[in-house]
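Student: Please read through the structure below; I'll follow up with questions.
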Amino acid sequence: MSDYLIVGGGIYGCTVAWQLAKRGASVRLLEARKIASGASGGLGERGVRANGRDLRELPLMRLAYPLWQRLHADIGGETGYRRLGHLDLIEREKDLARAPAQVWLQNQQGIESELLDAGELRELEPKLSENVIAAIYCPNDGVADHSQTTRSMAQAAEAAGADIIEGARVTSMQLNKGSVRSITAEIAGEQADFPIGKQLILLSNAHIAAFVQGELAVQLPVWRMLPQVMALEAGRRPPMTHLIGHAHRTLAIKALPDGRVMISGGWRGRWDEARGRGRPIAEQVEGNQQEALAVYPSLAGLAVDEVYTDRAEMLCIDGIPIIDYLPGADNLLVGVGWSGHGWAIAPAVAMLMMEWLLDGERPELLAPFGYSRFG
């Protein structure tokens with residue numbers, strides 16, 4: 001029996017497992033497929049970004065910055081973390097009008113931010129379109145290799161004493177007097193029961209909503225989406241040197257270490273029921289590429305090398321995650337709804353979740369993410 005049983009082998013599951021195990025807790029983690037096989041893995045890199053985040057997440061990002069800097073040393077594994085700086089590009093006067101308020105807000109929260117005019121901006125990014133008139137700059141933002149980081153974190157958790165079992169798909173849980181006593185998982189076609197000593201932590205992304213609806217009759221205001229991630233071929237040196245976002249375009253751009261250009265930002269794929277996975281939509285691929293060309297015209301002529309829409313993510317109705325215990329099970333902690341709001345703050349949130357699990361008191365910084373906010 002493990003005191004803490006975690007479901008989900010993404011960045012949150014692996015980091016919470018590491019945090020608990022290195023403090024001497026008995027931890028087991030179950031992953032339905034392979035570590036980093038979901039939203040915490042896949043093509044390219046993820047932004048370690050404070051710029052433009054929800055106000056409620058900025059204190060978490062301030063806490064996460066130094067954690068990312070030393071994460072490689074702390075876990076003894078590669079993360080691919082690089083501090084590049086993030087530019088949120090502005091083309092419209094109405095977006096420029098609100099930019100000083102955004103800069104002020106972020107600086108108030110300890111996030112170093114600056115509004116750059118066109119001239120200052122082109123000293124950093126000379127190949128931008130002339131239509132870009134300004135940008136909000138966060139020099140401490142960066143990127144990390146999400147697949148590499150998650151696998152390194154899993155290895156660190158195991159080295160600290162956590163038991164990680166891949167290929168274990170959780171199908172049900174057993175309650176007694178308002179507490180989860182055990183869960184059942186399917187492993188290689190067989191059913192296996194796992195008793196729980198103290199706490200069950202559900203961090204299994206797209207699995208969670210249907211699971212708690214069926215087991216607890218608790219509805220979570222989240223839904224699945226299939227984000228599109230694409231890479232342009234490495235035909236010539238990428239024109240950008242920073243992590244790029246945009247005030248009104250559906251766009252995020254990164255220059256990858258292999259010379260390719262990663263383009264994403266919110267375009268979607270479509271679920272293919274017959275194949276049991278997401279598939280790209282030609283119009284979405286074309287639209288995302290055109291958005292990138294609008295701000296970096298020199299990308300013209302680079303062919304699309306890869307496109308993926310097979311890593312499901314979860315969106316929450318008010319845009320930020322749910323991190324809380326749920327009605328009907330007093331020892332069940334969930335974290336869900338991370339899409340666009342989870343990766344960069346993961347080291348900080350996982351550390352706070354660990355403290356909550358061990359101490360029994362919710363950290364103040366996690367209070368805005370409670371389930372009770374929905375009434």
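The values are calculated or read from the model by the stated rules, or taken from the named source; none is laboratory data. Predicted model, so just to flag it, every value in this text is computed and none were measured. Positions of Cβ are backbone-derived with ideal geometry, glycine not excepted, and every protein chain shown enters the neighbour counts. The accessibility values were calculated without ligands, DNA or RNA, using every heavy atom of the protein model including side chains. Shrake-Rupley method; radii C 1.70, N 1.55, O 1.52, S 1.80 Å.
Student: I'd like to know which of TYR325, VAL285, TRP356 lies farthest towards the positive end of the charge dipole of the stretch 257-375, counting +1 on Cβ of Lys and Arg and -1 on Cβ of Asp and Glu.
Tutor: About the Cα centre, the residue reaching furthest to the positive side is VAL285.
Student: Between GLN191 and LEU293, what is the label-to-label distance in nm when each label sits 7 Å out along the Cα-to-Cβ direction?
Tutor: 5.6 nm
Student: Tell me, what is the per residue accessible area of the stretch 249-375 in Å², probe radius 1.4 Å? Could the numbers behind the result be given before it?
Tutor: Numbers: 5160 Å² over 127 residues.
Solvent-accessible surface per residue comes out at 41 Å².
Student: Here's another thing I want to ask about it. Rounded to a whole number of µm²/s, how large is the Stokes-Einstein D of the stretch 305-375 at 25 °C and 0.890 mPa s, given Rh as the Kirkwood radius over C-alpha pairs?
Tutor: Details: Rh = 13.4 Å.
The diffusion coefficient I find is 182 µm²/s.
Student: Which three extents, in angstrom, do the Cα atoms of the stretch 233-364 have along their principal axes, listed largest first?
Tutor: 56, 39, 28
Student: Compute the angle between helix 93-108 and the longest alpha-carbon principal axis of the chain, please, reported from 0 to 90 degrees and rounded to the nearest 10.
Tutor: Approximately 50 degrees, to the nearest 10.
Student: For the chain, what is the number of Lys pairs with C-alpha distance below 27 angstrom, counting only pairs 8 or more positions apart or on separate chains? All intermediate terms of the calculation are to be shown ahead of the outcome.
Tutor: Details: LYS22/LYS34; LYS22/LYS198; LYS34/LYS198; LYS34/LYS254; LYS94/LYS127; LYS94/LYS254; LYS127/LYS254; LYS177/LYS198.
Final tally of qualifying lysine pairs is 8.
Student: Can you tell me the FRET efficiency between ASP272 and SER129 if r is taken as the Cβ-Cβ distance and R0 is 41 Å, rounded to the nearest 0.05?
Tutor: Details: r = 35 Å, r/R0 = 0.86.
The computed FRET efficiency comes out at 0.70.
Student: Counting only protein heavy atoms and a 1.4 Å probe, tell me what percentage of the chain's accessible area is made up of carbon and sulfur.
Tutor: Numbers: 7280 of 15490 Å².
C and S atoms contribute 47 percent here.
Student: Enter the mean projected area of the convex hull around the alpha-carbon atoms of the stretch 147-217, in nm², rounded to one decimal. Let's see the in-between values first.
Tutor: Numbers: hull surface 23.5 nm².
For the stretch 147-217, averaging the hull's shadow over all directions gives 5.9 nm².
Student: Stokes-Einstein diffusion coefficient for the stretch 74-128 at 10 °C in a medium of 1.306 mPa s, Rh from the Kirkwood formula over Cα pairs: what value in µm²/s? Walk me through the intermediate numbers first.
Tutor: Details: Rh = 13.6 Å.
Approximately 117 µm²/s, per Stokes-Einstein.
Student: Which far-off residues, 5 or more places away or on another chain, put their amide H under 5 Å from the one on ALA160, with H placed in the peptide plane?
Tutor: Amide H neighbours of ALA160, under 5 Å, 5+ apart: none.
Student: Another question, then. Taking a probe of 1.4 Å, how large is the accessible area per residue of the stretch 24-121, in Å²? Before the final figure, lay out the partial values.
Tutor: Details: 4300 Å² over 98 residues.
Accessible surface, normalised per residue, equals 44 Å².
Student: Continuing with the same structure: Kirkwood Rh, the stretch 1-57, all Cα pairs: how many Å? Write out the running numbers ahead of the final one.
Tutor: Values: mean 1/r = 0.0761 Å⁻¹.
Here the Kirkwood hydrodynamic radius works out to 13.1 Å.
Student: State the Cα centre-to-centre distance between the stretch 106-123 and the stretch 79-103 in whole Å.
Tutor: Cα centroid of the stretch 106-123 versus Cα centroid of the stretch 79-103: 7 Å apart.
Student: What spacing in nm lies between the two simple spin-label points modelled at GLU120 and ASP359, each 7 Å away from Cα in the Cβ direction?
Tutor: Computed distance between label sites GLU120 and ASP359 equals 3.8 nm.
Student: Select from ALA154, ALA32, ALA300 the residue whose mean-square fluctuation is largest in a Gaussian network model of the chain (Cα-Cα springs shorter than 10 Å).
Tutor: ALA300
Student: Further question on the same structure: Could you work out the per residue convex hull volume over the alpha carbons of the stretch 1-121, in cubic angstrom? Write down the numbers at each step before the final one.
Tutor: Details: hull volume 18.5 nm³, N = 121.
Hull volume normalised by residue count: 153 Å³.
Student: Give me Rg over Rh for the stretch 104-208, both radii from the alpha carbons and Rh done the Kirkwood way, two decimal places. Working shown, then result.
Tutor: Values: Rg = 23.8 Å, Rh = 19.1 Å.
Answer for the stretch 104-208: 1.25.
Student: So, R0 is 25 Å and r is the distance between the beta-carbons of ALA159 and ASP330; what FRET efficiency does that work out to, to 0.05?
Tutor: Result of the calculation: an efficiency of 0.20.
Student: Find the centroid of the Cα atoms in the stretch 1-78 and in the stretch 222-253, then give the distance between the two in whole Å.
Tutor: If you average the Cα positions of each part, the centres end up 23 Å apart.
Student: Quick one: if you stick a label point 7 Å off each Cα along the C-beta vector at LYS198 and GLU166, how many nm between them?
Tutor: That separation, rounded to one decimal, is 2.8 nm.
Student: If you plug each phi of the stretch 85-91 into the Karplus form 6.51 cos²θ - 1.76 cosθ + 1.60 with θ = phi - 60°, what whole-Hz ³J(HN,Hα) values come out, in order, with x for Gly and Pro?
Tutor: x, 10, 10, 9, 6, 10, 10
Student: Exposed loop GluC sites (Glu not before Pro) only (DSSP loop, at most 11 other Cβ atoms within 10 Å): please give the longest stretch of the chain free of them, not including the sites. Don't jump to the answer; show the numbers that get you there.
Tutor: Numbers: sites that count: GLU130, GLU273, GLU361.
That gives 131-272 as the longest site-free run.
Student: Using 0.36 nm per residue, how much length does the chain from SER372 to ARG279 gain when fully extended, once their Cα-Cα distance is taken away? Mind showing how you got there, number by number?
Tutor: Values: separation 93, 0.36 × 93 = 33.48 nm, distance 3.55 nm.
The SER372-ARG279 span can extend by a further 29.9 nm.
Student: Rg (Å, one decimal) plus Dmax (Å, integer) for the alpha carbons of the chain?
Tutor: 20.9, 65
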